[in-house]
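The values are calculated or read from the model by the stated rules, or taken from the named source; none is laboratory data. This is a predicted model, so every value here is computed, not measured. As a convention, Cβ positions derive from the backbone with ideal geometry for all residues, glycine included, and neighbour counts pool all protein chains shown.
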Amino acid sequence: MGFHSLENIEKEFQTFQILNEQGEIVNEEEKPDLSDDELKELMRRMVYTRMLDQRSISLNRQGRLGFYAPTAGQEASQLASHFALEKEDFLLPGYRDVPQIIWHGLPLHKAFLFSKGHYEGNQLPEDLNILPPQIIIGAQIIQAAGVALGLKMRDKKAVAVTYTGDGGSSQGDFYEGINFAGVYNVPAIFIVQNNRFAISVPVELQTNAKTIAQKAVAAGIEGIQVDGMDPLAVYAVTKKARERALNGEGPTLIETLTYRYGPHTMAGDDPTRYRTEETDNEWEKKDPLVRFRKYLGSKNLWSDEEEEIVIEQAKKEIKEAIQLADKAPKQKVTDLIGFMFEKLPKNLEEQMEEYKAKESK
């Protein structure tokens, strides 16, 4: 009857890997051309970000941070993909993707202010090409298609890159965004970080497709699934996707197979209710930091002493940043009303006067 074989399509989407769990190169011809210094810098960022995650969880428990989504386990997916980008590229993160925008140039204290819900957390440096982390699941995907269209129309040599999770790929915005991007052949990279459980729903209940990457087929764009615990593989596919976009070859959907070791957020999620200890142990063996540490160690590029220096630097800078964030002026209702419009409508003028009176007491 002319039906296309789903099985044949799914066979096309094999997991791309360069570095195995033992830190050994298993795909020599695809190994990216990174210098020793670049390899060390990527490791430094991953170690720093793991410490930032641990400290952020602690600060959240102390009540010094607000909303926080843990990132441990996803460092290769987040930071190796970002490492393949350039300063002029535009990032549209989800709420778990704060590390990427920090390494893109967001001051650390601003990231803490975002977590605290302070408006200064979204007052960004003018030369920083990011949007604030998106709380609405999947909304950034449509926005990324639009930003990429803008870059194309202005002949900018840059790409728009957005991140979501496997749960985000179930949203209508996901399909609308990748379809729009395909229609207009825009320079966009859509990265779906498949950490297998969204908030608590296993990926098998998110989709009947064997991979999220294959959803690119329906949108007429390129798609690839990559080992998201392998920094070299994630870097390589992102760099290739960026080159394709700049060459006018259109957008790419990248699915990174990864895992978050902590809860979905610090707002009461208990992963032991939906994840087994066996699954946790299986993914801990794939830890991107352990894998990359073994690889760099085999090349005599990394030592315990170097790692300790990074950890101590992170602790120092995090301490300074949270102290700076704590000094931000307390938010007032009049601040929030004043930001909403250039010229306030009548009802908000009345509320502004009401709250000015309250705040002056």
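Note on region 310-327: residues that are surrounded by 13 or more Cβ atoms within 10 Å (Cβ to Cβ) and either under 18 Å from Arg45 (Cβ atoms) or not assigned by TED's automatic domain parsing to the domain that holds Met51 (or both) total 8.
Do the conditions hold for Leu79, that is, is it crowded, with 21+ Cβ neighbours inside 10 Å, in contact with a strand residue (DSSP E or B) (Cβ under 7 Å, 6 or more places away or on another chain) and closer than 29 Å to Ile142 by Cα? Against the criterion (crowded, with 21+ Cβ neighbours inside 10 Å, in contact with a strand residue (DSSP E or B) (Cβ under 7 Å, 6 or more places away or on another chain) and closer than 29 Å to Ile142 by Cα), Leu79 does not qualify. Of Ile189, Ile178, all but one fail to be of a type in the set (Val, Ile, Thr), within 10 Å of Pro251 (Cβ to Cβ) and assigned to a helix (DSSP H, G or I); the exception is Ile178. Selection of region 122-136 for residues being under 13 Å from the mean Cα position of the chain (by Cα) and either over 28 Å from Ala328 (Cα atoms) or assigned to a loop (DSSP other than H, G, I, E, B) (or both) yields Leu131, Pro132, Pro133, Ile135. Taking the criterion of being surrounded by fewer than 12 Cβ atoms within 10 Å (Cβ to Cβ) and touching a residue at least 12 places away in the same chain (Cβ under 8 Å), the only residue of region 269-284 that qualifies is Arg273. When Ala325, Ala267 are checked against the criterion of being part of a helix (DSSP H, G or I) and either at pLDDT 95 or above or over 30 Å from Ala148 (Cα atoms) (or both), Ala325 stands alone in meeting it. For Gln74, state whether it is within 20 Å of Tyr261 (Cα to Cα) and in contact with a helix residue (DSSP H, G or I) (Cβ under 6 Å, 6 or more places away or on another chain). No, not satisfied.
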